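Here's the structure, in structure tokens; my notes come after.
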4 protein chains.
Amino acid sequence: MSFNTFGRVFRFSTWGESHGPAIGAMVDGCPPGLSLSEADIQPFLDKRRPGTSKFTTQRREPDEVRILSGVFEGRTTGTPISLMIENTDQRSKDYGEVAKAYRPGHADYAYDAKYGFRDYRGGGRSSARETASRVAAGAVARLVIPDVDIFAYVSEIGGDAIDPARFDASEIDSNPFFCPDPEAAKRWEKLVDDARKDGSSLGAVVECVASGVPAGWGAPLYAKLDSELAAAMMSINAVKGVEIGDGFAAARLRGEQNADPMRPNMDGGNDGNPVFLANHAGGIAGGISTGQPVKVRIAFKPTSSILIPVETVTREGVASEIITKGRHDPCVGIRGVPVVEAMMALVLADQKLLHRAQCGEV
Amino acid sequence: MSFNTFGRVFRFSTWGESHGPAIGAMVDGCPPGLSLSEADIQPFLDKRRPGTSKFTTQRREPDEVRILSGVFEGRTTGTPISLMIENTDQRSKDYGEVAKAYRPGHADYAYDAKYGFRDYRGGGRSSARETASRVAAGAVARLVIPDVDIFAYVSEIGGDAIDPARFDASEIDSNPFFCPDPEAAKRWEKLVDDARKDGSSLGAVVECVASGVPAGWGAPLYAKLDSELAAAMMSINAVKGVEIGDGFAAARLRGEQNADPMRPNMDGGNDGNPVFLANHAGGIAGGISTGQPVKVRIAFKPTSSILIPVETVTREGVASEIITKGRHDPCVGIRGVPVVEAMMALVLADQKLLHRAQCGEV
Amino acid sequence: MSFNTFGRVFRFSTWGESHGPAIGAMVDGCPPGLSLSEADIQPFLDKRRPGTSKFTTQRREPDEVRILSGVFEGRTTGTPISLMIENTDQRSKDYGEVAKAYRPGHADYAYDAKYGFRDYRGGGRSSARETASRVAAGAVARLVIPDVDIFAYVSEIGGDAIDPARFDASEIDSNPFFCPDPEAAKRWEKLVDDARKDGSSLGAVVECVASGVPAGWGAPLYAKLDSELAAAMMSINAVKGVEIGDGFAAARLRGEQNADPMRPNMDGGNDGNPVFLANHAGGIAGGISTGQPVKVRIAFKPTSSILIPVETVTREGVASEIITKGRHDPCVGIRGVPVVEAMMALVLADQKLLHRAQCGEV
Amino acid sequence: MSFNTFGRVFRFSTWGESHGPAIGAMVDGCPPGLSLSEADIQPFLDKRRPGTSKFTTQRREPDEVRILSGVFEGRTTGTPISLMIENTDQRSKDYGEVAKAYRPGHADYAYDAKYGFRDYRGGGRSSARETASRVAAGAVARLVIPDVDIFAYVSEIGGDAIDPARFDASEIDSNPFFCPDPEAAKRWEKLVDDARKDGSSLGAVVECVASGVPAGWGAPLYAKLDSELAAAMMSINAVKGVEIGDGFAAARLRGEQNADPMRPNMDGGNDGNPVFLANHAGGIAGGISTGQPVKVRIAFKPTSSILIPVETVTREGVASEIITKGRHDPCVGIRGVPVVEAMMALVLADQKLLHRAQCGEV
């Protein structure tokens, strides 16, 4: 089946195809009384919007969101919040040959195998355009967790990583790569531009940190906070790997290196919780938040749409070659940043509500 | 809340604590008419069973499963299958000091923060003992996907990886590490034994391959096959990272390197599907299986229970040090192998049933 | 929380308020390849549309549905189908006093108690206008069960019942009451008109029959076919009772009277299934369809919006009286008929897909 | 599929067949820290236990419940609570002929049609024995809603109703019928005994009232409190009808008769909520509790197992007659009383947790 809903109590569902009349999200389970207008959502969509630099697709969509329900006199009512974004810059003619042959790395063949046919225009439902709906829903989720601060950034493009010593969060929004290391950002200009000119593409690693998450969020065993985050991130287009905290690096540590020792909290801050001396765990133990920053790393593969010919087959099974024209991101991970942030917010909002459902006073 | 159920239509729920009278699983949604007895499940439990070598915990449990419902005259009836495994070798006295102080890396502090108190005996619900229930449920799942072949192995311990050139699947079950490279297996004997003697522990990487999965399984968008696998694997104790196909390595490839080119299927095998010339994608595109082997890599952190003292705090917030006595796996990833296989089977069985729900003839 | 989704595998979610810009439904899990356009949905909306006779509300909405996603070249793609109906005839000024005092029988007080405030315009989310979204979704559900014939009718208004001996299905659509007994229809004209002139309202009983349902649909134990139908029908505005088959009358029968005896099927029709000599059970046994017609009876209370003053309190807790002006149905059960049909279709489509998920060949 | 789980956040799943080794329930999402032992559950099972009078089945089961998980040192831990009841008095030989022919009114034919075969011993999974698991789970649910008082009673057997003027709640537990009217209880002795001697059976109506439910519980639109109650009650064996408040009688009232007028609360009790002058609505408006007592009426059909021969067919499709020997309740509605109470508790516990998930402070 087609499960287009995510979340347990704070849930959102998305609908829409790349080249249909509109895309949208329905947010259900949002608490009542929260101040909400389009202006709370639009900045996040603007951050994700294509066409803002030569390093992203030149498709130009205003991506203006409309709230169709669930808000009355500027406040959420507790009923479903319907969000709609009209598609305006559709050039379906660009996609003629995609109808006939399968683009390797794309969902084309898999969709045909599953559904018997597909909406081939711009990838249809499998297009990364759907992530705009997530970003809109994520903006609502942030209202539910006002004490949590979420930010993501690109830490690596095409194998070229930032230098942690130069990490500066204030740099993230001052370059087109969401890069916290200004020197890396400079290198990436040439790196990404070269790939674009070659008709090729690059992968990227995105890191996301949520601070202000109190200890105790997480729903063991099969809705653990880390399990939900893994599902959320792996559901984003082009994502092939997810790490919590040290991730795969932890597999190379010894137990005493990987431990996050604790000390008493002397200054009474942090709710009297212990102070952790390290955060290899990425803020999650046993599937439950520990009060430390929640840290996730996500691997984006290089954009599958490239101008370099690749062997493929047609729908009729005939050998062919395909190059994917159109307006594509040379590095899809860059615009993944606001999407990753949105998914983090959506998971945390859900887990917050789950936690108070079970663990409040009876 | 506490979500102890996994799956959409083929669902299983687990219950039980490390030192309670028993643990168990309830499998719901299993098709009727499948031949099933305890003998179909026991071999998988035996593979996971502790105490089989000095490289795993010396806790000795027979782990005998009983089927309490859902089977009549040797066949599944379509009603819930209740599986129970009694706990027999509980030494609760080993865990006295765990009641008082938090073991870093364990769920102790997080459970206290969430629930206000915890069953500290052997980690209670957060113990890896729960994975025996998954293995039992996974054995049932395999019956639903008889054409799928699943195997997992350890590819790396403590940073020491196998040599892919020496990969030999027939070796996996002939050493205590589920290692497909006999030379690595030899090295690991000393590596793991040394860690054990040091009172330390090691991380590991497990890889799992499912072949025979037809193209078309997967439920976009938020129950994508890769998203479900990520959730399933990340819900296993000690797992900190999940990769599909090339995973993080894909983030360092260019688009043309990462493409999985297709050619027509000349010999008519493989259901007439195209032949892929590579499998960077790990058998999944757009969240849907492509007919290639489904490949997942999983990072296990080193066992948190070590004999080397670590700074911590008591429940009362007093500074302390803790060493975790008891009988622990020096490398918990090793016994993760049958658990990973079980989760793969459980996800695939669910996706198979989901697929035919939506995509059969109307 | 606010659960605005119904169904297990064929699921629909609705959003929207009576006086917002639009209402809508998202249908998820619909099989691919079904022929679908607005023209398949509109007739059902027209049947439910207000303003068609003096016996229903004079609010005039064209209720034109737009398909925003999930259909490509006239066929469903297997992705979410987003349906939107714009609200055009909103007279929010009619509802000024409703903002201040609670209308007995309405959700006003309960919504305030739950959410702290409410969208009072036309009842907001609790308005029966939401049922248009159900009718639209139900039209899609019918495509999934082409062999099932569903029809509903009003069998009783204000205590005046039809004469079963005069039942004529062909009459149902030829009077404004969906009444299968032309003499009752005549009586009801005066009955309903009198109530309307009095500023009062009447209750009604609706019956719904689905024939062509094969034996075997139903998901015991907690998604039994009858349980799902009960939930579906009780979720409709103004419904206060649901019966399957003989319902409460069965509680007055003896076992031998209530039995539905079976005989062999001599003519080979009906898939070789037995012939039932009665249908007290309403086509469902043990929560599973028997192959007989599925029969449901639903009680609608009288419209709560009346012009006769009723004691109430204001939001500030001051004693008051309220009459509910505006344009209301004197008997809301009448327009309940297409809604009941839609819910029947939605439940059956879901159960059909559920059945084949579990009970197909492995 | 087979959905054996009920609830959204406070969830329970049941497993087990009439003649398997045991039956059980798993309760998930229960808040931590509640005092719980077998002694809290056993009285409810004893109330439902068969063999307590000649008016119920002579099957004698001790129905002793064991708690296998989720409780530590006498308190719930927030993890799954596994409850098991062993089956002890199984006389499978009684059911030989049931294997061959279908008992009208039972699930026999429907299960065969769905699953291809069935566990015919005592009805297998479709046996009312499963309701013991519900009663056990319901006892846990009551702990979550300590301020709610729930009681049910039989108001009608075989068409002979109690006299509301003689209603005396204190009588309910002093006769074998859970009858609040001592005169009716006397009449029913002969009525039920006669039916039993005739080898026949009688239907019944059960009424259930929950007081102390605050205004605001309920999850519109498709998990409305009344919708959930309807689903819960209709899922009980032999139930054919559910009414909320006046139910079908409301369909015969005029709007002004059916209104529940409100007055200010002068004495400050009831949380300052308005005082309702009537309760036609049964304590629910718009799917949300109003603070009035929640009232449900449930119709139980006569027990289908009777000693009077009924026409039927064999599994091979041959005409036959069947009488159902064994030890059956002449009026299954009587023992339905504790089951109805349990389902009420389970729905309310779930809705309480749902409410605080969404409507607490952000």
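Laboratory data are not the source of any read-out in this text; all were calculated from the coordinates shown. For clarity, every value in this text was computed on a predicted model and none was experimentally measured. Here Cβ is always computed from backbone atoms with ideal geometry, including for glycine, and neighbour counts include all displayed protein chains.
Only helices enter the 222 nm calculation for chain D: every DSSP H run of n ≥ 4 contributes -39,500 (n - 2.57), and dividing by all residues gives -8000 deg cm²/dmol, rounded to 500. Legend: mean number of C-beta atoms from other chains within 10 angstrom of residue C-beta atoms, peptide C:20-29, equals 6.
The mean count of C-beta atoms from other chains within 10 Å of the C-beta of residues in B:156-165, rounded to a whole number, is 2.
Along the axis of the charge dipole computed for chain D (Cβ charges of +1 for Lys and Arg, -1 for Asp and Glu, origin at the Cα centre), the listed residues D:Ile81, D:Pro176, D:Tyr102 are led at the positive end by D:Tyr102. Neighbouring Cβ atoms from other chains, within 10 Å of the Cβ of residues in B:305-313, number 5 on average. Each Lys and Arg contributes +1 and each Asp and Glu -1, all at the Cβ; summed about the Cα centre of chain B, the dipole is approximately 840 debye. Find how many whole Å separate the alpha carbon centroid of segment C:24-55 from the alpha carbon centroid of segment D:301-321. Result: 43 Å between the Cα centres. Note on segment B:234-362: dipole from Cβ charges, positive end direction compared against B:Cys331, B:Gly245, B:Gly255; the farthest Cα belongs to B:Cys331. Taking the longest Cα principal axis of chain C as reference, the axis of helix C:225-234 is set at about 10 degrees. If the reach is capped at under 16 angstrom between alpha carbons, list the aspartates and glutamates near D:Lys224, excluding any in the same chain fewer than eight residues apart. Counting by Cα, and skipping residues close in sequence, D:Lys224 has these aspartates and glutamates nearby: A:Asp28, C:Asp108, C:Asp112, C:Glu130, C:Glu228, D:Glu243, D:Asp350. Put simply, the Cα atoms of chain A extend 68, 49, 37 Å along their principal axes, the longest span coming first.
May I ask for the longest run of chain D untouched by GluC sites (Glu not before Pro) that are loop-located per DSSP and have at most 10 neighbouring C-beta atoms (other than their own) within 10 Å? Mind dumping the intermediate values first?
Working: sites that count: D:Glu73, D:Glu316, D:Glu361.
No qualifying site falls inside D:74-315, the longest such stretch.
With the convex hull of its Cα atoms as the shape, segment D:52-203 has an orientation-averaged projected area of 12.6 nm². For A:Arg327, nonlocal amide neighbours, meaning residues 5 or more places apart or on other chains whose placed amide H falls under 5 Å from its own, do not occur. Between the amide H of D:Asn175 and any residue lying 5 or more places away or on another chain, no distance stays under 5 Å, with hydrogens modeled in the peptide plane.
As I understand it, the value is the acute angle between the Cα axis of helix A:336-359 and the longest principal axis of the Cα atoms of chain A; what does it come to in degrees, rounded to 10? Approximately 40 degrees, to the nearest 10.
Model label points for A:Ile323 and A:Asp46, set 7 angstrom from Cα along the Cα-to-Cβ axis, are 3.7 nm apart.
Which of B:Asp112, D:Asp226, B:Asp329, D:Asp168 comes first, and how do the rest follow, when ranked by fewest Cβ neighbours within 10 Å?
Details: B:Asp112 17, D:Asp226 32, B:Asp329 24, D:Asp168 12.
In increasing order of surrounding Cβ atoms, one gets D:Asp168, B:Asp112, B:Asp329, D:Asp226.
By the count of neighbouring beta-carbon atoms within 10 Å, fewest first, C:Cys30, B:Cys208 end up ordered B:Cys208, C:Cys30.
Charged side chains reduced to their Cβ positions (Lys and Arg at +1, Asp and Glu at -1) give the protein assembly as shown a dipole of some 0 debye around its Cα centre. Spatial offset of segment D:202-231 relative to segment A:88-160 amounts to 42 Å, using the alpha carbon center of each. Distances, shortest first, from the label point of A:Ala169 to those at the same position in the other copies read 4.8, 5.6, 6.7 nm; the point lies 7 Å along Cα to C-beta.
For the rotational copies A and D, the chain A residue with its Cβ nearest the relating axis, together with that separation in Å, is A:Ala357, 2. Can you give me the angle between helix D:38-48 and the longest principal axis of chain D, using Cα atoms only, in degrees from 0 to 90, rounded to the nearest 10? For helix D:38-48, the angle is close to 60 degrees. Less than 11 Å from a label point 7 Å out along the Cα-to-Cβ axis of B:Val362: which backbone N atoms in segment C:18-38 qualify, by residue? Backbone N within reach: C:30-37. Semi-axes of the equivalent ellipsoid of the protein assembly as shown are 50, 37, 32 Å, computed as sqrt(5λ) over the eigenvalues of the C-alpha gyration tensor in descending order. Here D:Lys54 yields copy-to-copy label distances, from shortest upward, of 6.5, 7.4, 9.9 nm, the label point defined as 7 Å from Cα along Cα to C-beta. Extending 7 Å from the Cα toward the beta-carbon at both D:Gln257 and B:Lys190 defines two label points whose distance is 9.4 nm. Residues A:Ser201, B:Ser13 in ascending order of nearby Cβ atoms (within 10 Å, fewest first): B:Ser13, A:Ser201. Here is the P(r) of segment A:115-221: all C-alpha pair distances, binned every 5 Å from 0, give 2, 9, 14, 15, 16, 16, 13, 8, 5, 1, 0 in whole percents.
With 31 Å as the limit, write out which pairs from B:Lys114/C:Lys114; D:Lys114/D:Lys295; D:Lys47/D:Lys190; A:Lys47/A:Lys114 have Cα-Cα distances beyond it, or answer none.
On the way: B:Lys114/C:Lys114 26 Å; D:Lys114/D:Lys295 35 Å; D:Lys47/D:Lys190 22 Å; A:Lys47/A:Lys114 34 Å.
Pairs exceeding 31 Å: D:Lys114/D:Lys295; A:Lys47/A:Lys114.
Placing a label point 7 Å from Cα along the Cα-to-Cβ direction at D:Arg315 gives distances to the equivalent points in the other copies of 4.8, 5.6, 6.5 nm, listed shortest first. Taking a sphere under 11 Å around the Cβ of C:Ile323 and counting the other residues whose Cβ falls inside, with K and R at +1 and D and E at -1, yields a net charge of -1.
Can you give the local net charge around C:Asp193? Use residues other than it whose beta-carbon is closer than 12 angstrom to its beta-carbon, Lys and Arg +1, Asp and Glu -1. Combined, the nearby Lys, Arg, Asp and Glu give +3.
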